[in-house]
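A quick write-up on the structure given underneath.
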Amino acid sequence: QVQLVESGGGLVQAGGSLRLSCAASGSIFSINAMAWYRQAPGKQRELVASITTTSGGYTNYADSVKGRFTISRDNAKNTVYLQMNSLKPEDTAVYYCNVDLSTQETGRGDYWGQGTQVTVSS
């Protein structure tokens with residue numbers, strides 16, 4: 001069984017910073033990619049940033065966060081981070097961790113964290 005535990009959300013003023021973490025645990029055989037999504041009230045869930053777990057660690061960002069957010073990972077800890085700087089009120093949302101991984105029991109699948117609230121006040 002796989003668990004994703006997120007932490008680091010909270011309330012911050014515009015221009016401030018937050019760092020989100022997501023640790024994957026359980027019977028993990030391999031991790032292919034890790035990502036952060038967000039969902040604001042009344043809006044669809046959207047991709048914020050993603051990173052592969054190969055040696056290249058290729059990253060991809062939504063246009064709205066480029067230059068402000070940085071995704072990184074620690075393969076040894078099965079953990080992905082999202083450093084969020086210069087936060088804006090429009091960044092307010094529930095942020096979800098997503099991990100594309102494989103287990104020996106069930107093969108490859110998509111797993112989601114429980115979500116963590118990020119609120120940016122103006």
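Coordinate-derived values only; no laboratory data. All values derive from a computational prediction rather than experimental measurement. All Cβ positions, glycine included, derive from the backbone under ideal geometry; neighbour counts span all protein chains shown.
Give the relative contact order (percent, whole number) for the chain; include only Cα pairs under 8 Å separated by 6+ residues.
In percent, rounded to a whole number, it is 35.
Multiplying the sequence separation of Thr70 and Ser17 by 0.36 nm and subtracting their Cα-Cα distance, what value in nm do you get?
Once the chain is fully extended between Thr70 and Ser17, it gains 17.9 nm.
Could you tell me the convex hull volume per residue, in Å³, taken over the Cα atoms of the stretch 31-76?
85
Using alpha carbon centroids, what distance separates the stretch 5-39 and the stretch 44-122, in Å?
If you average the Cα positions of each part, the centres end up 6 Å apart.
Take Lys43 and Gln104, extend 7 Å from each Cα along the Cα→Cβ direction, and tell me the distance between the two endpoints in nm.
Taking the simple label geometry, Lys43 and Gln104 are separated by 4.3 nm.
So what's Rg/Rh here for the stretch 1-59, counting alpha carbon atoms and using the Kirkwood radius for Rh?
1.02
What's the long-distance tail for the chain, i.e. % of Cα pairs beyond 20 Å?
39
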